[in-house]
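The values are calculated or read from the model by the stated rules, or taken from the named source; none is laboratory data. A quick note: this is a predicted structure, and the numbers were derived from the prediction, not measured. With ideal geometry, Cβ positions are generated from the backbone for all residues, glycine too; neighbour counts draw on all protein chains shown. Please note that ligands, DNA and RNA were not included when accessible areas were found on the heavy atoms of the full protein model with its side chains. Shrake-Rupley method; radii C 1.70, N 1.55, O 1.52, S 1.80 Å.
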Amino acid sequence: MSNKNKTLGEFIIENQNDFQYSSGELSRIINSIRLAAKVVNYKVNKAGLVDIVGAVGEQNIQGEDQQKLDVYANEVFIQTLINREIVCGIASEENDDFITIEGSDKSNSNKYVVLMDPLDGSSNIDVNVSVGTIFSVYRRITPLGTPVTLADFLQPGVNQVAAGYVIYGTSTMLVYTTGHGVNGFTLNPAIGTFYLSHPNMRFPENGSIYSVNEGNYRQFPQGVKDYIKYCQMEEEDRPYTSRYIGSLVSDIHRNMIKGGIYLYPTSSKSPKGKLRLLYECNPLAFVVEQAGGKASDGKNRIMELQPTELHQRIPFFCGSKNMVDTLEKFML
Ligand code: P6P
């Protein structure tokens, strides 16, 4: 079947055999995320019209003010996954601890766990800037039929069986990988169907965009400062262009289309970095690597890091392979 007008549903069925071990459950997880993305998209696009914008007056474990849409999106993704009885556990940026999910038969017979940031960049909602959902899927490593444990979530990124993001932007896209390349699907809101709009996405090896919050420049490690000055020098293919939306999914997605590097280094404000390893860096690293890009903490491959806690933060450098290679040389 040609790619023209192929729907996400048709794509999943066609590529069912790509899901290692799958008895259809992994396909059902992607289908579940597809449904939740459409529900959240509807609310995100109406945020300015209904009383769902703004903080709920509570903070999540990150100490960040929870925006109403954060809470709403978290509930939608969790409930959609529970209703389809396809996962045995969920970890979310919005929940202090992971959630154990028993099947309606009170069993823990499902094989997969999902980790997610249900609405990343939500502080941008009030100013009408794109936001995103990031998700990561693993097979559990503890025995089937037993309650899921923290060990099932603290797996290195190389164990991911699927990962991706939803970007709620000028159009809404679902971009994901199961380890066989990266494909992007754009939602036709008129009929509520995702269509294959970006088959086999590739991250340009080189780029001329660097994305960093330069307001923190003075607090960056010296190697990062030197790299930023390198980006700004007038020689060869530089100066590069500085583009920073402050919404992770949007910055990564733009750079994957055009080429570029995203940097979130350590700083005195974020001594371990700001971004979370398990449900931001690892899933984006899987997508970026599958598209030919690179993701590093400045020295190590992100997906080989052994997680130690659910909400741990790390420095994150991600994008065009040759640009990340150059960044790492500055940080030696
Ligand atoms: P800063 C949003 O809160 C987020 O987690 C990412 O979406 C974004 O890239 C980053 O933080 C922005 O952080 O410190 O530059 O505002």
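Quick look at the values:
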| item | result |
| --- | --- |
| Heavy atoms of Leu187 accessible to a 1.4 Å probe, total area in Å² rounded to 10 | 20 Å² |
| Charge-dipole axis of the chain as Lys and Arg at +1 and Asp and Glu at -1 on Cβ define it, positive-most pick from Pro118, Tyr264, Thr172 | Thr172 |
| For the stretch 209-330, projected area of the alpha-carbon convex hull averaged over all directions, nm² | 7.0 nm² |
| Rounded to whole Hz, the Karplus (6.51, -1.76, 1.60) HN-Hα couplings of the stretch 208-219, x for glycine and proline | 10, 10, 10, 10, 7, 7, 5, x, 9, 3, 4, 9 |
| For Ser197, distant residues with modelled amide H under 5 Å away | Gly184, Phe185, Thr186 |
| Residue order for Lys299, Lys321, Lys294, Lys258 - accessible surface, 1.4 angstrom probe, largest first | Lys299, Lys258, Lys321, Lys294 |
| 5 angstrom amide H check on Ala91, placed H, neighbours 5+ away | Ile99, Val114, Leu115, Met116 |
| Residue-averaged 222 nm ellipticity for the chain, from DSSP H runs of 4+ at -39500 (n - 2.57), nearest 500 | -8000 deg cm²/dmol |
| Given charges at beta-carbon only (K, R positive; D, E negative), |dipole| of the chain in Debye | 520 debye |
| Net charge contributed by nearby residues that have their C-beta within less than 14 Å of Ser171 (K/R +1, D/E -1) | +2 |
| For q = 0.18 Å⁻¹, Debye-computed log10 I/I(0) when each Cα of the stretch 3-198 counts as one equal scatterer | -1.27 |
| Under-5 Å amide H pairs with Thr241, H placed in peptide plane, nonlocal only | Ile209, Tyr210 |
| Degrees between helix 68-83 axis and first principal axis of the chain (Cα, 0 to 90, nearest 10) | 40 degrees |
| Kirkwood-based Rg to Rh ratio, the chain, C-alpha trace | 0.95 |
| Per residue, the convex hull volume that the Cα atoms of the stretch 149-242 enclose (Å³) | 200 Å³ |
